Amino acid sequence: MTHFESRTSDHEIEPIFLQRWSPRAFTGESMPQAELNRIFEAARWAPSSYNSQPWRFLYARRDTPAWPLFLGLLVEGNRSWAQHAAVLMVAVSKKTMRPMGREEDVPSHSHSFDAGAAWANLALQATSMGWHAHGMVGFDMKRAAEELRVPDDYRVEAAIAIGRKGHKATLPEALQAREVPNGREKVGNFAFEGGFTV
Ligand SMILES: Cc1cc2nc3c(=O)[nH]c(=O)nc-3n(C[C@H](O)[C@H](O)[C@H](O)COP(=O)(O)O)c2cc1C
């Protein structure tokens, strides 16, 4: 068993996995580019099929010219709290890859899986540095593809807000009740020895 604040694992793990969670109350603190580079560096070392590294992170730091564009992509419910983040991102993945020795691209089976691994690395690195990352599907993906100039052979995966955690009292009342780390299914409900168990 491992504990971190309100979370307890059933089996012993590194505390960072419990420490990472997705708050909505952010302080509005900005992030220096050098710190963001360290967060991307962790994403860089994620594993991927054939080492194809299909992840791309399009981003804006607060108080920079691209910030309003990224903030404007979010649905209102997410914009209400993500406006106080330090960085907003849209994660995309390349749907095709070039196997070694081949002259043309072929479809990638695992581009989303691989980009997910990179996002997980990124979120854990952010946590280790005292920031929190919060994934979002609540944004206009079609407009994101257009306005961020995402080429056709890339899939828009998710938006991400990274910020310094603030006090939950700064949130609208409806969100305050949800501002607490949540729980998980038991391992036995998703890890099946020998084949799928319904
Ligand atoms: C791909 C992805 C999309 C998500 N979309 C949203 C969202 O649009 N709005 C939101 O408030 N939270 C969103 N979340 C946060 C999840 O609800 C949260 O990660 C989940 O409840 C587990 O909680 P934890 O991250 O605090 O451990 C998203 C998370 C992921 C990974």
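Bear in mind these aren't lab numbers, they're just calculated from the coordinates by the rules spelled out. Note that the coordinates shown come from a computational prediction; the quantities given were computed from them, not determined experimentally. Positions of Cβ are backbone-derived with ideal geometry, glycine not excepted, and every protein chain shown enters the neighbour counts.
Some observations on this one:
- First in segment 4-31 and in contact (Cβ under 8 Å) with a residue 12 or more places away in the chain and on the phi > 0 side of the Ramachandran plot, second anywhere and hydrophobic (A, V, I, L, M, F, W, C) and not in a loop (DSSP other than H, G, I, E, B), Cβ under 9 Å, 6 or more apart: Glu5/Leu18
- For segment 11-29, a residue qualifies if it is closer than 20 Å to Ala169 by Cα and away from the ligand (no atom under 16 Å from the Cβ), and the qualifying residues are Thr27, Gly28, Glu29.
- Taking every residue in segment 135-158 that is free of Cβ contacts under 8 Å to residues at least 60 places away in the same chain and pairing it with any residue that is more than 13 Å from the ligand (Cβ to nearest atom) and polar (S, T, N, Q), at least 6 positions away or on another chain, the pairs with Cβ-Cβ distances below 7 Å are Asp153/Thr96.
- Number of residues in segment 145-183 that are within 22 Å of Thr96 (Cα to Cα) and within 13 Å of the ligand (Cβ to nearest atom) equals 5.
- Members of segment 136-153 found to be surrounded by 18 or more Cβ atoms within 10 Å (Cβ to Cβ) and within 25 Å of Trp45 (Cβ to Cβ), listed by number: Met136, Leu148
- Flag if Ser80 is within 16 Å of the ligand (Cβ to nearest atom), assigned to a helix (DSSP H, G or I) and within 20 Å of Ala161 (Cα to Cα): yes
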